[in-house]
Protein chains: 2
Amino acid sequence: MYNFQQKSNQPHVVIVGGGFAGLYAAKELGNAPVQVTLIDKRNFHLFQPLLYQVATGSLSPAEICSPLRLIVGKNENTHVILDEVIDLDPEQKRVIMREGVINYDYLIIGTGVSHHYFGNEHWETDAPGLKSIENALDIRRKIFLAFEEAEKVSSPEEKEEWLTFAIVGGGPTGVELAGAIAEIAHKIIKDDFREIDTTKAKILLIEGMNRILPPYPEDLSQKAQESLEELGVTVLTNRMVTNIQKSRVNIRHGEEEETIKARTILWAAGVKASALAEVIAKRTNVEVDRAGRIMVESNLSIKNYPNIFVVGDLANFSHQDNKPLPGIAPVAMEEGLYMAKYIKAKVKGSSIEPFYYKDKGSLAVIGDNYAVVNLGFLKLSGFIAWIVWVFAHIYYLIEFDNKLTVMLQWGWNYLTRGRGARLITGEISENNLINKSFNNEHYPPTLTEEKETLKV
Amino acid sequence: MYNFQQKSNQPHVVIVGGGFAGLYAAKELGNAPVQVTLIDKRNFHLFQPLLYQVATGSLSPAEICSPLRLIVGKNENTHVILDEVIDLDPEQKRVIMREGVINYDYLIIGTGVSHHYFGNEHWETDAPGLKSIENALDIRRKIFLAFEEAEKVSSPEEKEEWLTFAIVGGGPTGVELAGAIAEIAHKIIKDDFREIDTTKAKILLIEGMNRILPPYPEDLSQKAQESLEELGVTVLTNRMVTNIQKSRVNIRHGEEEETIKARTILWAAGVKASALAEVIAKRTNVEVDRAGRIMVESNLSIKNYPNIFVVGDLANFSHQDNKPLPGIAPVAMEEGLYMAKYIKAKVKGSSIEPFYYKDKGSLAVIGDNYAVVNLGFLKLSGFIAWIVWVFAHIYYLIEFDNKLTVMLQWGWNYLTRGRGARLITGEISENNLINKSFNNEHYPPTLTEEKETLKV
């Protein structure tokens, strides 16, 4: 148990969460006359927009992660603490971590969101979602092991189940996952197996609304669907998932009920606020929305608590067009930068305007040379949109060497169709191999004599 | 349960293990008039000589791993099976896997070695060894979390324990780990923390013999020790480890007993044959050495079983200079290539000479610009040796894009002293956060009223 003492008289800004919002605030406050403490339970910033590429084996974790200490370590006014915030004491102005307590003058909370199964949290085991590096590696293992299993099983029905991939949710993540899996099955690994034809794999994208990418203009949704279909994805719209159970997805389409048999089911259908939101709400009495996100004031603060701010995906900012800002990286970055400016002004005794998000547009990638881009004044689809997507993502990667290696890796993957990162990791078992082998049902009965001449 | 049937009349070569030996045999047999089946429990080949760089955060797993299907998938005579061989039926010429059975005409076994604790297997929990990608990521987590913990704890004694790293075993792996950890602590992360001075970290390399790198010429051992000491490693020779228990290493030095307090203890002191060796010995009555390795004939076969061969680290080949060949990658590669040639000759009805290993020398790296190289006719140490080491390793990396990205990563690390891959992964917990926070001993007692106005 530790209790950090301030060694300076400068105001103390505590930032919880090193995502886009928290990190941009911390970086921008590096030269301000304040003390900054950045708390995260991980030691790295995760570039979430490319997480699906780790899940599908195009990129390695390190290529989209940057150690927090590396990014802000040079700022002498900045402390990094590896810990998890579990509670908040707004009256005494302090946050409580698993292993310590720390006081703040300004508190910025940006702990993001996790998967939302809308009351069916037990579906998670069979249909994992994609939020963390560990999720991505689990999903990668699921995808590539499915082909290995299909190769081994003898029953054609089982082969088909292993070669069926169901992705629930037609938002950007679902679209990106479906497109990437289709490219793996239909192009990248098509020569790798002997007992199966991976180009026969079925990739199903299941969406409850009447089109995929619902927040996009209709014609872009249409184009996205067409190019997914060209890649070999079956797009199923107007389908509500009613149940998920080990290799089975039940969906309702109007009056009809249908069961899909798929050994790989992925969840990309919804998000809810991270657990800390509930704690904040209890402690401050602030309102939350249906997804558990904190309703913030026009300066991102919590009502009645002018020194506590909520940023990024965790915040519901509805002071613009009467609808919440979307949970995307550009919004989070802007909110982080705003917080830094706001606090700098406060410290100087002045003030700044309420937060305003200038929409920079939205992007979704479908395949290795197809994307859709909505810049408001301009809608793009196809190769040009893909180029825009590539450069926008490279640009925002935090570290220069990540920019370089990701560019190189993409270029290489694009040229060779090889996926160097398609490793299945995280599961090995060599324990008790001996015992298992000698008491094994597979063991040939012809050998009756146990030769005990071992000379270890 | 599957039973692979041969679809061809060509002889069937079954290779167990996709390490250097197995993979080089499989690659070389790709154009031979035989059918090849490569069985491995992992879907990738691991370039073990660089594994310590994954453990110390310089490289990512994907940079030193290559998917087996990618390497041999284009060879139409080659099957890859992801499974673990657990038994052997030499009379019926078949191997038994966890999920299937397969017949062979020629069987090549190269499943390598794992850690050896010399009867103290319970030390493994406190002092993990480095053999798999998972080991490497665990060790990486241990190393980087140690600094995080040192930053957080308040007692100076505890800080010191967290900043003490004990590496047991002064062979190449121990030397490389010690050098890399010293560079991390004393150079790479020296500006990253506020409550500790990482340059004060103690890195202890413990060796039982009277010098490190015992198989090397004495003057190279001496030079290696000097340059490790320059990097800040404390080299302790003539020290026998008598016990390891959570953060404590007991060592004996002559008559003296000493206890080292270190929160990070790594094991690099010995290897033993993989579990399959014991099974092989039981089934074929072949002799094994003290480390459990299979004694092979001069053509790498098992006595009385002319169609079963053992290669790589798992084999004890003592037909040269009356001592076993060392368990290093060049030996394994040569043995793999020899097997391919041997089988090609057999199939043609001819035969080849017994196996002979032409020593190409040995290398060990100490720091980012210091290595020792023994080429027999030439001994090198220092920067030139390091350049030799760099190019030898790049040269043998299997895939071209790995060569490229590793070179780029090394160049970048060398220039910037930043370690992009120093991510701590594999452990997250968000479950029950709410419950924990509300029943928390840390919770400030000032808040007595539980505000139940949550609107989730």
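Numerical summary
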item: Residue of chain A nearest the A-to-B rotation axis [by Cβ], rounded angstrom distance; result: A:Ser60, 2
item: Largest-first principal axis extents of the Cα set of the range A:75-155 (Å); result: 65, 36, 19
item: Those aspartates and glutamates that a straight Cα-Cα span of less than 16 Å connects to A:Lys344, excepting residues fewer than 8 apart in one chain; result: A:Glu28, A:Asp105, A:Glu334, A:Glu335, A:Glu353
item: Lys/Arg +1, Asp/Glu -1 at C-beta; the protein assembly as shown dipole; positive extreme among B:Thr405, B:Gly110, A:Ile366; result: B:Thr405
item: For the range A:35-112: span of alpha carbons on each principal axis (Å, largest first); result: 47, 26, 20
item: Per-residue Cβ neighbour rank within 10 angstrom, fewest leading, B:Thr264, A:Thr78, A:Thr259, A:Thr234; result: A:Thr259, A:Thr234, A:Thr78, B:Thr264
item: Of A:Ser155, A:Pro215, A:Leu228, farthest towards positive along the dipole that unit charges on Lys, Arg, Asp, Glu beta carbons give the range A:121-269; result: A:Ser155
item: Kyte-Doolittle mean at least 0.0 and Cα axial length at least 27 Å: DSSP H helices in chain A; result: A:329-348
item: Tail weight of P(r) past 16 Å, computed on alpha-carbon pairs of the range B:15-59, percent; result: 47 percent
item: Label 7 Å beyond Cα on the Cβ vector: A:Tyr395 copy-to-copy distances, nm; result: 4.4
item: Where N is the number of residues in the range B:121-269, Cα Rg divided by 2.2 N^0.38 Å; result: 1.00
item: Intensity falloff of the protein assembly as shown expressed as log10 I(q)/I(0), Debye formula with alpha-carbon point scatterers, at q = 0.10 Å⁻¹; result: -1.23
item: Enclosed volume per residue, in Å³, of the convex hull spanned by Cα atoms of the range B:141-221; result: 95 Å³
item: Alpha-carbon gyration tensor eigenvalues x 5, square-rooted, for chain A, Å; result: 42, 29, 22
item: Efficiency of FRET from Cβ geometry, A:Asp219 and B:Asp219, R₀ 60 Å, rounded to 0.05; result: 0.20
item: Value of relative contact order over chain B, rounded to a whole percent, pairs C-alpha under 8 Å and six or more apart; result: 18 percent
item: Simple Cβ-charge dipole of the range B:121-269, Lys/Arg +1 and Asp/Glu -1, about Cα centre, in debye nearest 20; result: 200 debye
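Readers should treat all values here as calculations from the given coordinates under stated rules, not as data from a laboratory. Please read these numbers as outputs of a predicted model, since none were measured by experiment. Positions of Cβ are backbone-derived with ideal geometry, glycine not excepted, and every protein chain shown enters the neighbour counts.
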